[in-house]
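The values are calculated or read from the model by the stated rules, or taken from the named source; none is laboratory data. Since we're looking at a predicted model, the values are computed, not measured. Glycine also receives a Cβ, built like all others from the backbone with ideal geometry; neighbour counts cover every protein chain displayed. Each accessible area value is taken on the protein alone, full model and side chains, heavy atoms only, with ligands, DNA and RNA left out. Shrake-Rupley method; radii C 1.70, N 1.55, O 1.52, S 1.80 Å.
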Amino acid sequence: MSDAPLVEKAEPTEARPNKTNRRKMLLAGTALVFAAGLCLAAPQFAFAQASANARTSDGSILPFPPKPSASVAGATLQESKLMPFPADNRLPKDAPNILIIMLDDVGFGLPDTFGGPIHTPTFTRLANGGIGYNTFHTTSICSPTRASLLTGRNHQRVGSGTIAERAVNWDGYTGRIPRTSATIAKVLGNYGYKTGAFGKWHNTPATETTAMGPFTLWPTGEGIGFDYFYGFLAGETSQWEPRLTENFNAVEPPHDEKYHLSEDLADKAISWLRKYRAYTPDKPFLMYWAPGAAHGPHHIFKEWADKYKGKFDQGWDALREATFKRQKELGWIPANTKLTPRDPSMAGWDSIPAPQREFQTRLMEIFAGFTEHADVQAGKIIDELERLGLRDNTLVFYIFGDNGSSAEGQHGTISELLAQNNIPNTMEQQFAALKELGGLDALGTAKTDNMYHAGWAWAGSTPLRSTKLVAAHFGGTRNPLVISWPKGIKPDKMPRTQFHHVNDIAPTLYDVLGIKPPKMVDGFVQDPIDGVSMKYTFASAKAPGQKRTQYFDNNGSRGVYHDGWFASTFGPFVPWDTPGSVERVNKWDANKDVWELYDLRNDFSQADDLAARNPKKLAEMKALFLKEAKANKAFPIGAGNWLRLHPGDRVKTPYSSWQFDASTVRMPEFTAPGLGRVSNHVTVEAQIGENATGVLYALGGFSGGLTLFMDKGELVYEYNMMEIERYTVRSKDKIAPGKRKIEIDTAIAKPGAPAEVVLKVDGGEVGRVTVRRTVPAAFTASESFDVGIDLGSPVSPVYFDRRPFKFDGKIEKVVVTVK
């Protein structure tokens, strides 16, 4: 197997030439010119001709036609000789299958595999048959970790300095993985791998997720390269009513009480494996399986949550101490590790009023059941690999989390996007709303978007400091990793302690396969790979670490690792106090941040700050961070906080007016009119029947949104302010049958301000309501705007049991104007 870089076929960089241009080229005998530097060194790569390019007069690139056949074509069959097609094999004979499993928002101290409180049988099974890493790191946040994993580059180098929905127009924060950083799906696919992705994606620009695309950066788009995708494009979704996509098509889950997204994802992955085994058994596969669990909302069947009944009654402080003790007993952490203290700004369990504790413990029980359930689904895939005879030569990477446990539930919540919107609220408001929904039994169901208290997230990061979104502390970035490959790795209980990062997965794969990253892909010169191979650790737990430097940055929380030292600064954003962070961000000056310094060779948990004792080393590390940040497009530091100060600058559609009809469904909220956050006027022209019933239009879901619907002839408008406040107006009289012009006028002075909503029918006012406060950013992460129906999670409890509550009349058009 040659180590020459793979050069893939070139594709158009702008637009594909149309058929007329293609015909002209062929008829004119257009000369085909080899692109400089694209020749392959390895003659066994039979597709070498595809690496050269021809450029048309309009600048488009076309691949060369295939080489002439080796067969002899005489005038007749008798004078001809047929040669077989050449074998198309560009991989080692025993190239392994590859399975990457990555859970969501689960921290270092959670799996019982390594001392945590949550049962993870699949993680344990793979650890017992493989090797574990206790100093493996992520970026501290969703989209950036995934982009880094898929490309082998640092997150800001590939435009992913923050989540897709918070993208802003600085190079490191655009939310667009560049074509200059090809994914493992694209590279391995060109080597012959069959590739499939399942579950959470979160790497497509938020405004490019409608049925009209563009599809380039969708999982199966030409810019990413998976053969197949089944999952959701957004950062989160309901586990009961997920907003699913299969390749480029929207998919509706069944309305079935037995349905759960994690189970669906396992079933679809298994189905794909069976097709792979049946149709292309001679090819290896790459599967990326990343369920939404255990990201909020925490949704799981009651019986799974009940498995943990009473197991967290001691609270998060005591849980952390118990986990720490088990971690040491198992040898998962060094014997000299110190248990770091709780941040003074985070509530201790003793401060939680006794009447609230049942609510807080139930939230953790639900989270634990949700996490275990997801791990069990991953086990079904492993079982299927064994059944198909594929397990022995399948290289499995099981990454326990894309970042640390999430503190975004703040004080415990029934509506987790309250924090993302910086909406102040009280526990009394939460409990009052929960009572209307059915009390504690409603938690974990489709009626709540519940998420646990930040204290549980901190306990889930034991023994480390902080949580998800903190890049300065390992509670946000350190996640357990298990690698298992029966044919290639001997099981070993000794933890791998070499410092590694999620950007090291891609180069590890290339190293295992004996190939080098391509220098050009689809006509795009490639960015350098930032990660280093971990293959050297497979056979030796004590091998000297080969990763010398790695920077971290998210929301102004930042740090840098170099040769055993780590320097960092917390930044202005406190994940467990999102509303309070606005003022801190507003006053923040990155140049005045106080830095910390740690010697990781003797300090696993960042317990001993050496900054005051070693100012020279600290200065060196701060200078190194700036060098790395500049090289990786991390400037301006703190760009991820921009939208916390300027929510109006969020990525959104460029349009100010639209015309819809009943064919408009599944329009993602980030592409839809901002009906709940800016002034707007909506006109609905519809044929209304006697006692008309059903949704005219809806935006969002049960955890937040707005809806206009008919209910037994009455016109109803509801503004669902994140479940804790609902504002409803109903026409005094039934709307007369016939063709009607319905108008909704909404006046909002600024995002988050009150709204005055007026309903008119045929020019006459039929109702109005004042919404005391509105949602400034987004109702949901994945729900949609629908006309004539409310797909997914229903906005209103009025028709919750009648969903999707399709309108029984005829909607001729819906015209929306944003003022």
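Brief remarks on what is shown
- Remark: segment 354-494 carries a charge dipole of roughly 460 debye about the Cα centre, counting +1 on each Lys and Arg Cβ and -1 on each Asp and Glu Cβ.
- With a simple spin-label model that places each label point 7 Å from the Cα along the Cα-to-Cβ direction, the separation between Asp563 and Lys516 comes to 2.7 nm.
- Segment 240-260 and segment 713-760: distance between their alpha carbon centers, rounded to Å: 29 Å
- Value of Rg to Rh for segment 478-597 (Rh from inverse mean 1/r over Cα pairs, i.e. Kirkwood): 1.08
- Using every pair of separate Cα atoms, the Kirkwood estimate puts the hydrodynamic radius of segment 412-533 at 19.1 angstrom.
- Here the spin labels are modelled as points 7 Å beyond Cα on the Cα-Cβ line, and at Gln687 and His255 they lie 2.4 nm apart.
- For segment 206-322, pairs of C-alpha atoms spaced more than 17 angstrom apart make up 66 percent of the total.
- Using the Cβ-Cβ distance between Lys741 and Leu645 with R0 set to 35 Å, the FRET efficiency works out to roughly 0.30.
- Cα pair distances of segment 692-819 binned at 5 Å [whole percent]: 2, 11, 22, 25, 22, 13, 4, 0
- Dipole magnitude of the chain, debye to nearest 20 (Cβ charges: Lys/Arg +1, Asp/Glu -1, about Cα centre): 2040 debye
- Å² of accessible area per residue within segment 344-446, as computed with a 1.4 Å probe and no ligands counted: 32 Å²
- For Thr210 and Phe800, the FRET efficiency from 1/(1 + (r/R0)^6), where r spans their Cβ atoms and R0 equals 35 Å, is about 0.85.
- The radius of gyration of the Cα set in the chain, together with its Dmax, comes out at 27.7, 94 angstrom.
- Selection from Asn128, Phe779, Val678, by position along the positive dipole direction of the chain (Cβ): Asn128
- In terms of packing, defined here as the mean over residues of other Cβ atoms within 10 angstrom, the peptides 273-286, 493-506, 215-228 line up highest first as 493-506, 215-228, 273-286.
- Expressed in Å, the radius of gyration and Dmax of the Cα atoms of segment 204-250 are 10.3, 31.
- Solvent-accessible area of Ile748 with every protein chain in place, 1.4 Å probe, in Å² to the nearest 10: 10 Å²
- Principal axis dimensions, segment 152-232 - Cα atoms, whole angstrom, descending: 36, 28, 19
- Whether segment 249-376 is rounded, prolate or oblate, judged on the alpha carbon gyration tensor where a/c under 1.5 counts as rounded: oblate
- Ligands, DNA and RNA left out, the 1.4 Å accessible surface of the chain is 54% carbon and sulfur atoms.
- Dipole of segment 469-520, positive end: most advanced residue of Met520, His501, Thr477 [Cβ charges, Cα centre]: Met520
- Cβ crowding within 10 Å averaged over residues, with 790-798, 458-466, 537-545, 299-307 ranked highest first: 458-466, 790-798, 299-307, 537-545
- Take the Cα of Ala335, step 7 Å toward its Cβ, do the same at Met83, and the gap between the two points is 6.8 nm.
- Partners of Lys806 within straight-line reach, counting lysines whose Cα lies under 24 Å from its Cα and excluding those fewer than 8 residues away in the same chain: Lys258, Lys447, Lys712, Lys732, Lys734, Lys739, Lys741, Lys760.
- Against the empirical curve 2.2 N^0.38 Å, the C-alpha radius of gyration of segment 633-722 lands at a ratio of 1.40.
- Per residue, the chain reaches -6500 deg cm²/dmol at 222 nm when only DSSP H runs of four or more residues are counted, each adding -39500 (n - 2.57).
- Alpha-carbon centroid distance for the pair segment 336-369 / segment 675-700, whole angstrom: 43 Å
- Quotient of the Cα radius of gyration of segment 535-646 and 2.2 N^0.38 Å, N being its number of residues: 1.20.
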